[in-house]
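What follows draws every value from the coordinates through simple rules; no lab data is involved. Since we're looking at a predicted model, the values are computed, not measured.
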């Protein structure tokens, strides 16, 4: 049961809950659990029974998936304010398709999935609004697939940088280690580092630790075309 008013307010503001009647939201809070994780703690494993979904309050959570050939791939990095694995509420999937672990000390809310789904069945208008949100998430996933479909590793890196800098006015701050970004792009960490240094030598980017500055966006975008 959640009792902290700040946590309840943050949960209430999220689009999954902001339109619920007060009585329904109170039920959600009564069944929710506040969890804390240390760095590298596992929240759940791929294949575990998917009974709950989560809101991250503080820290960072990474979602990874072991592919059939045995390689581990980064699926997503969860930031504070994001809810994750909630889409399983609307599918027949009964087990988590990913493993969730803490990249740094994290605080999160664990929410009863079956109860929340029951509430939605009583509030059909809310379901329509949620569909729009899930559609946006799908567009993001399709963009990621487009990136991975580019065979050349260098083009994957350039595409990633162009996408990231669009929201940062030419400034990119890598929120996770480079090895995880390399995993997300489907390349080896040393390949990712080598391509970044090649772009630095070409005068297209400047880099200091995890901070990247795009020096010439048009040239970068066309560099490997």
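Here are the numbers for the structure shown:
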item: Most fluctuating residue given options 81, 113, 203, as computed from a GNM of the chain linking Cα atoms under 10 Å; result: 203
item: Whole-angstrom Cα spans of the stretch 149-222 along principal axes, big to small; result: 26, 24, 23
item: Stretchable slack from residue 22 to residue 211, in nm (0.36 nm times residue separation minus alpha-carbon distance); result: 63.7 nm
item: Spread of Cα-to-Cα distances over 10 Å intervals beginning at zero, given as percent, for the chain; result: 7, 28, 31, 21, 10, 2, 0
item: Measure of compaction for the stretch 51-113 (Cα Rg per 2.2 N^0.38 Å); result: 1.13
item: Within the chain, helix-based [θ] at 222 nm, where runs of 4 or more DSSP H residues each add -39,500 (n - 2.57), nearest 500; result: -13000 deg cm²/dmol
item: Interatomic Cα distance distribution for the stretch 5-130, bins of 10 angstrom, percent; result: 12, 44, 34, 10, 1
